[in-house]
């Protein structure tokens, strides 16, 4: 220790009056000072052990005593017994972040210095030997190092040497922690590793590690660092990191599905997030064959016209859309040492506007993977409503033309109003407004659209068209022309400018059903509200009219 026992006992005497129910507890000093690593800024870490069968708070109390920061934790004997049992099970089963916390708690207690009631301290320390703990810690660090090195090899093959070097650095640190644990240096916190190596003494492997501690220190380029790092990891006793391309495969990620609308590819993650792919990224995505080696996948992507697919596939990995795996052993799950758990990341939402077009979500960069800025269920509901609004525009226009032909001015007036409101429904849906406001308010609710919306005076036109009257042939012809121009303007702003004239021919109706069916499938997958009840019949018929005879 770097502090005398007399000073620690004095500090403990001053701490006890500030703690409830401290009487009768055993007390140990744990942490970096107990290990002999601490400095003047280090906390004084007291653990109070109560010989009771109770649940004591996990959260520590932070006190300031004699100018030192004192952290006080409490555990009952039963909690410590459960802790040692749980850590053995967790290491054996590889239970992720939970293992890290359990290992840290057990290590700190096993290497602690007794200050009060040494008999009780000896009893709880007897729950696990230091040799058994060192073996568990070594295996845990080795497994984490293995995954980091494997991930570094993945990134190098994807053409990202700098990122590969960063993960190799993480793998090296964890590999040397595993090696150090076998020599009795089990303290988990990585920042004290240099002092742990000092205590181990001169050794060729620790010397090589110090020379490769980081890319900057090594003097190597990124590719050379990865090669040298992998060799050292093997020499440190980590198996399963051979540099053979056939061992790395591309695997399917859980709860990830692909949905194509027209030429646009969407990938839904966890039924919550929708990613839209630029056309080059979509080509790379479509070239993936799960279960194949990464080298085969890259060759297939190049043959499919995507020669630089590596960085795109790396993005798929980061976002959790695919997984890298080690053949015969399952997914590669790389984790930085004592850091936030690794997992799929989520990029900032796309700012492309409008959010949705008839052909799919908006995307500007051909190599982008854009996160649609609304939840998946709302996205699909708004998209279905966008398509259905365009169908209703076509239907209302047919009604208007028929009413004008028969001089049914009242019917024509109502039909003109319906065209306007259905078109505005579509515009609001393209900006992911869902559920929609009532028809009586849709025109005024155009004020909801963001400042960057490409509306080109649409709101002003809509407000004027709401006041149109149809009471003569002249007014009817004017209304039809202005509404056609308005619909064309709205469709141009929402990517629906090639929407079929649904009711002109059987071919146009077939194309309308095809567009609707693409979106209905996604909506049904996400349990989104369908725009009309009849849509379920289109789904059950596989996109065909339910009564049409098959050829």
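The values are calculated or read from the model by the stated rules, or taken from the named source; none is laboratory data. All values reported here derive from a predicted model rather than from experimental measurement. In this analysis, Cβ positions are derived from the backbone assuming ideal geometry, glycine residues included, and neighbour counts consider all displayed protein chains.
Brief remarks on what is shown
- Any hit, the range 385-392, residues being surrounded by fewer than 21 Cβ atoms within 10 Å (Cβ to Cβ), within 29 Å of the chain's Cα centre (by Cα) and touching a residue at least 24 places away in the same chain (Cβ under 8 Å): no
- For the range 228-249, the set of residues classified as more than 30 Å from the chain's Cα centre (by Cα) and without any contact (Cβ under 8 Å) to a residue 12 or more places away in the chain consists of 231, 234, listed by residue number.
- 2 or more residues within 30 Å of residue 184 (Cβ to Cβ) and touching a helix residue (DSSP H, G or I) at 6+ places or on another chain (Cβ under 7 Å): qualifying strands (runs of 3 or more DSSP E) within the range 11-69: 26-30, 44-50
- Pairs with Cβ under 9 Å, 6+ apart, first in the range 463-485 and touching a residue at least 12 places away in the same chain (Cβ under 8 Å) and assigned by TED's automatic domain parsing to the domain that holds residue 500, second in a loop (DSSP other than H, G, I, E, B) and exposed (fewer than 15 other Cβ atoms within 10 Å of the Cβ): 472/407; 473/407; 476/407; 479/469
- Qualifying positions in the range 301-348 - at positive phi and at pLDDT 95 or above: 320
- Check on residue 205, surrounded by 13 or more Cβ atoms within 10 Å (Cβ to Cβ), under 32 Å from the mean Cα position of the chain (by Cα) and in the same structural domain as residue 234 (by TED's automatic domain parsing): no
- Residue 213 vs. criteria under 22 Å from residue 332 (Cβ atoms) and in contact (Cβ under 8 Å) with a residue 24 or more places away in the chain: no
- Those residues of the range 352-365 which are part of a loop (DSSP other than H, G, I, E, B) and either closer than 23 Å to residue 253 by Cα or out of contact with any strand residue (DSSP E or B) (no Cβ under 9 Å at 6 or more places or on another chain) (or both), in sequence order: 353, 354, 365
- Of the residues contained in the range 12-30, one or more are found to be under 42 Å from the mean Cα position of the chain (by Cα), outside the structural domain of residue 333 (by TED's automatic domain parsing) and closer than 20 Å to residue 338 by Cα.
- Scanning the range 439-496 for residues that are loosely packed, with under 14 Cβ neighbours inside 10 Å and on the phi > 0 side of the Ramachandran plot yields 456, 457.
- Any hit, the range 76-85, residues being modelled with pLDDT under 90, within 36 Å of the chain's Cα centre (by Cα) and surrounded by 17 or more Cβ atoms within 10 Å (Cβ to Cβ): no
- Only helices (runs of 4 or more DSSP H) whose full extent lies in the range 209-318 are considered here, and the ones with at least 3 residues that are not assigned by TED's automatic domain parsing to the domain that holds residue 182 are 279-286, 294-303, 309-318.
- Counting only helices (runs of 4 or more DSSP H) wholly contained in the range 439-551, the ones carrying 3 or more residues that are modelled with pLDDT of 70 or more occupy 458-465, 473-494, 506-525.
- The set of residues from the range 321-338 being touching a strand residue (DSSP E or B) at 6+ places or on another chain (Cβ under 6 Å), surrounded by fewer than 20 Cβ atoms within 10 Å (Cβ to Cβ) and either assigned to a loop (DSSP other than H, G, I, E, B) or assigned by TED's automatic domain parsing to the domain that holds residue 148 (or both) comprises just one member, 327.
- Filter pass, residue 358 being modelled with pLDDT under 90, buried (at least 20 other Cβ atoms within 10 Å of the Cβ) and farther than 27 Å from residue 154 by Cα: yes
Here's the yes/no breakdown for (1) modelled with pLDDT under 95; (2) closer than 28 Å to residue 193 by Cα:
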{"position": "1", "(1), (2)": "yes, yes"}
{"position": "4", "(1), (2)": "yes, yes"}
{"position": "12", "(1), (2)": "yes, no"}
{"position": "18", "(1), (2)": "yes, no"}
{"position": "29", "(1), (2)": "no, yes"}
{"position": "35", "(1), (2)": "yes, yes"}
{"position": "44", "(1), (2)": "yes, yes"}
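- In this entry, residue 309 is excluded by the filter for residues that are surrounded by fewer than 22 Cβ atoms within 10 Å (Cβ to Cβ), over 26 Å from residue 524 (Cα atoms) and either touching a residue at least 12 places away in the same chain (Cβ under 8 Å) or touching a strand residue (DSSP E or B) at 6+ places or on another chain (Cβ under 9 Å) (or both).
- From 121, 91, 154, 176, residue being touching a strand residue (DSSP E or B) at 6+ places or on another chain (Cβ under 6 Å) and under 30 Å from residue 293 (Cα atoms): 154
- Candidates 381, 416, filtered to the one that is under 28 Å from residue 513 (Cα atoms), assigned to a helix (DSSP H, G or I), under 32 Å from the mean Cα position of the chain (by Cα) and not assigned by TED's automatic domain parsing to the domain that holds residue 359: 381
- Residue match in the range 159-172 (condition: crowded, with 19+ Cβ neighbours inside 10 Å, touching a strand residue (DSSP E or B) at 6+ places or on another chain (Cβ under 8 Å) and under 28 Å from residue 220 (Cα atoms)): no
- Of all the residues in the range 229-242, those that are surrounded by fewer than 17 Cβ atoms within 10 Å (Cβ to Cβ) and either under 21 Å from residue 324 (Cβ atoms) or in contact with a helix residue (DSSP H, G or I) (Cβ under 8 Å, 6 or more places away or on another chain) (or both) number 6.
- Options 180, 166; residue that is within 30 Å of residue 298 (Cα to Cα) and in a helix (DSSP H, G or I): 166
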